[in-house]
Amino acid sequence: MIKQDYIIRMIQEIISMIVTAIIKKKRLDNKELEKYEYNTHEMLGVSPKELMDISTDEIISQYSTSENGMDKIELIAVSLLLFSEETANDQLLLKSRLKQNGLFLLKYLQQNSNSYSIQREMLMKMIS
């Protein structure tokens, strides 16, 4: 139980850090980026960059029924949005796909999660 609470708290901390970066349109500094990459890999079993190549259907089927699955999906969603923000404008297709996938996962969470998040709701409105 304590381990599960710790994992949820870590996921929420990372999500808040990413959402803040997206809202303020700032890049994560190296220390924040290293912490994010390490914790994301530990919690999801894949590196953050590998998330860009996984379809939303695969993400949902893999994580929705796992322990803390909805929190993990939310972490993936905001990660994709962060990657979209950091993708150069000359890679418009990739930037658009990452944004669409992130928003799709956030909308999935709004419909299927047992918890409501004002932060999630505001991020969706801002990005849409």
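The values are calculated or read from the model by the stated rules, or taken from the named source; none is laboratory data. As the structure is a prediction and not an experimental result, all values here were calculated from the model. Every residue, glycine as well, gets a Cβ built from its backbone with ideal geometry; the counts of neighbours run over all protein chains shown. Quick note on the areas: whole protein, heavy atoms, side chains included, nothing else; ligands and nucleic acids left out. Shrake-Rupley method; radii C 1.70, N 1.55, O 1.52, S 1.80 Å.
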Magnitude of the Cβ-charge dipole (Lys and Arg +1, Asp and Glu -1) of the range 1-110 about the Cα centre, nearest 20 debye, reported as 400 debye
For the chain, the percent of accessible surface on carbon and sulfur atoms (probe 1.4 angstrom, ligands and nucleic acids excluded) is 52 percent
For residue 25, the lysines lying under 27 Å Cα to Cα, once residues fewer than eight places off in the same chain are dropped, come out as 35, 49, 72, 95, 99, 107, 125
Here the gain from full extension of residue 92 to residue 126, 0.36 nm per residue of separation minus their alpha-carbon distance, amounts to 10.3 nm
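Cβ neighbours within 10 Å, averaged per peptide: list 97-110, 38-51, 19-32 in order, most packed at the top.
97-110, 38-51, 19-32
If packing is taken as the average count of other Cβ atoms within 10 Å, what order do 84-91, 111-118 fall into, highest mean first? Display every interim value, and only then the final one.
Numbers: 84-91: 12.8, 111-118: 10.2.
Ranking, from highest mean packing down: 84-91, 111-118.
Does the chain come out rounded, prolate or oblate by the C-alpha gyration tensor, with a ≥ b ≥ c the root eigenvalues, rounded set by a/c under 1.5 and, if not, prolate when a/b is larger than b/c and oblate if not?
On the way: a/c = 1.41, a/b = 1.23, b/c = 1.14.
Taking the square roots of the gyration eigenvalues as a ≥ b ≥ c, the chain is rounded.
What percent does the relative contact order of the range 1-117 come to when contacts are Cα pairs within less than 8 Å and at least six residues apart?
Details: 91 pairs, mean separation 30.7, N = 117.
Relative contact order comes out at 26 percent.
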If each part is reduced to its alpha-carbon centroid, the range 66-128 and the range 14-32 end up apart, in Å, by 14 Å
Spelling it out for residue 66: with amide H atoms placed in the peptide plane at 1.01 Å from N, the residues 5 or more places away or on another chain with amide H under 5 Å from its amide H are none
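Can you give the accessible area per residue of the chain, in Å², using a 1.4 Å probe?
Details: 7580 Å² over 128 residues.
On a per-residue basis, the chain sits at 59 Å².
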